[in-house]
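Encoded as structure tokens, the structure appears first; notes follow it.
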Amino acid sequence: MPDRYTFKLDADEATFAAHAEKCVKIDTERHMVRSGLTTPTTAQLLAGYPYRSGDIVVDAAFWACTLQSDNTYDPIKLPKAVIQALQDLGAKPSRIAIIRVRQAAQRKRPEWGDHYKARLQEIVDRCNVYLASLLDTEAKRERTRLGFQHFNAGSDHPDNAERLIFAICEATGHDYERIVDEYLPRLWLHARVKRMTLRYEDVERWLTEYRIALKLKGENDSLPEPVDLGDFEMSAQGIPAPPAAPTRVVVPEMKKKPRTDSAAYAFYEIAGKPLPLVRFEGDLGAVLRELCERWPWASETIKTILMDLVGSQWIRLRPTLLLGPPGTGKSSLALAIARALGLVPTLYNAAGNSDGSFIGTNAQWATARGSVSLQALLRAQAANTVVIIDEIEKAGTSRHNGNMQDGLIPMLEPTTSRCILDPALELPVDLSEVSYLATANGLDGISSPLLDRLRILHVPEPGPEHLPVVAKQIVADLRRERNASEQWMPDLDGEEIAMIAQHWKGGSMRAVRRMIETIVAGREAFAQRH
């Protein structure tokens, strides 16, 4: 018996359904770009996609750092001049830095192959897209040319039509709505009559003919006046230099010195005194490459976190949850990121917390103490630091003696964290520059209000192709734990790694660690017998 609830689409309906599916996918991609989760390609930017996080500075710095990271694994290395220019752009993005990258990539030698030249041309094209957004007249012409060049008359992808629309907008000076309502229908008809493929020269010729026809009809088709770049100070100067030696008062001044047995006594030395705000002065691209070499399976997560520093006057990371299976190195990665940036991290194990002591305990108790965040600032002697909350989903959910997750929420809000009352000091303290990185194996156990305030980044499991990196990292950890030198505890050789590869096909690194500990113990036992 046929299923009477089964519907069949005709050809037009199937075409429309496929087109609608593509549009939904594009909307999702645009949202991910706007939210700062992904970086748009040059072709997507030509189709009107926003810059990453809606900011050209963030997008340019992220793109530069990604190219440096990709260059590490690409067999065809970019020229040193291009790498140096990309490092400068990633560290201090500006219009001048983009121009230097373009100039470095434009230098090509005759002996270079077509693939190599094409890779450099992609860099030049991306720089022209950036400079066009900064009102560079020549770059705007190049972006128009790129839009027509990337257009494919045989493609029905929505992005393809968008590239044509934005290219015509650049060529005519008209807005998007007029192009869609007036130009495109006549352009498609013109293309069908002349059977052309809509190359750049064809569209340019059509636009000229169309504008002549408008003038003969007496219609106004005047172009806007060219942009005067003299008033665009930002494009010439780049990002303004941050103020020298920024500071912040964390604990307000105390009227009198507290008793030595009170919780407030430990914070008396910083009360009313401005603490320095640590700034990152190093090479962001170098930090990115180093961390990605150690955690290649988490490279996208590392890039996203480090991009929080772009344009910042001092170090402050967005509240972030590193989500992934056990044994993927989430806690170690969070600690490594903090130390690479020059901050003093504090690791807090939420699995052993069943009350609200994270936010501090009341001054009326003899065991009163300041909040974990305030103690972290005291140890760091700085107004900004990183608190890493490990296994946050395992924190107790009872509210009988307070709840850690509930108490953490106001600390993540910029407004409330500036003057949050510490119960031990009974004073409003400024915790607004504290960065929070949390780890979890799953979302079960984390309250919805807390999830709304956390950026969730997934840390995938390492695969078998990452075994040499994982083994090297574990042996280095064992050397630090046992205070041994590389001479006495060398890295695993090829045979040892091959032996582990027979039993480990990816997943938790703890299994690899146990096997390496067994190999190291066997080395020591063999050395004692001989």
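All of the numbers you see were taken from the coordinates with simple rules; none came from a lab. Please read these numbers as outputs of a predicted model, since none were measured by experiment. No Cβ is skipped: glycine too gets one built from the backbone with ideal geometry, and neighbour counts run over all protein chains shown.
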Please list the non-local residues whose amide H lies under 5 Å from the amide H of residue 348, H modeled 1.01 Å from N, same-chain partners needing a gap of 5 or more. 388, 389, 390
Candidates per GluC sites (Glu not before Pro) in the stretch 269-322, loop by DSSP, up to 10 other Cβ within 10 Å: 281
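Quick one: net charge of residue 478's neighbours, Cβ under 9 Å, K/R +1, D/E -1? Kindly include the intermediate steps, with their values, before the conclusion.
Numbers: positive: 479, 480, 482, 513; negative: 477, 481, 517.
Spelling it out: positives minus negatives among the neighbours equals +1.
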Once you put a point 7 Å from the Cα of residue 141 and another 7 Å from the Cα of residue 521, both along the Cβ direction, what distance in nm separates them? 7.3
Spatial separation of Cα centroids for the stretch 260-306 and the stretch 316-383, in angstrom: 12
Under 5 Å between amide hydrogens, which residues at least 5 positions from residue 458 or on another chain qualify, with H placed 1.01 Å from N in the peptide plane? 323
Which whole-Hz couplings ³J(HN,Hα) result when phi for each residue of the stretch 479-495 is put into the Karplus expression 6.51 cos²θ - 1.76 cosθ + 1.60, θ = phi - 60°, listed in order with x for Gly and Pro? 5, 5, 5, 9, 6, 10, 8, 5, 5, 8, 9, x, 5, 5, 8, x, 5
How far is it, in nm, from the label point at residue 32 to the one at residue 453 when both lie 7 Å from their Cα along the line to the Cβ? 2.8
Compute the separation of the alpha-carbon centres of the stretch 393-463 and the stretch 89-147 and state it in Å as a whole number. 42
How large is ³J(HN,Hα) for each residue in the stretch 47-53, as worked out from phi by the Karplus curve 6.51 cos²θ - 1.76 cosθ + 1.60 (θ = phi - 60°), to whole Hz, x for Gly and Pro? 8, x, 5, x, 6, 4, 6
Given points 7 Å out from each Cα along the Cα-Cβ axis, report the residue 489 to residue 365 separation in nanometres with one decimal. 3.9
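Starting from 0.36 nm per residue, how many nanometres of slack lie between residue 418 and residue 259 once their C-alpha separation is accounted for?
Details: separation 159, 0.36 × 159 = 57.24 nm, distance 2.61 nm.
Length difference between fully extended and current span is 54.6 nm.
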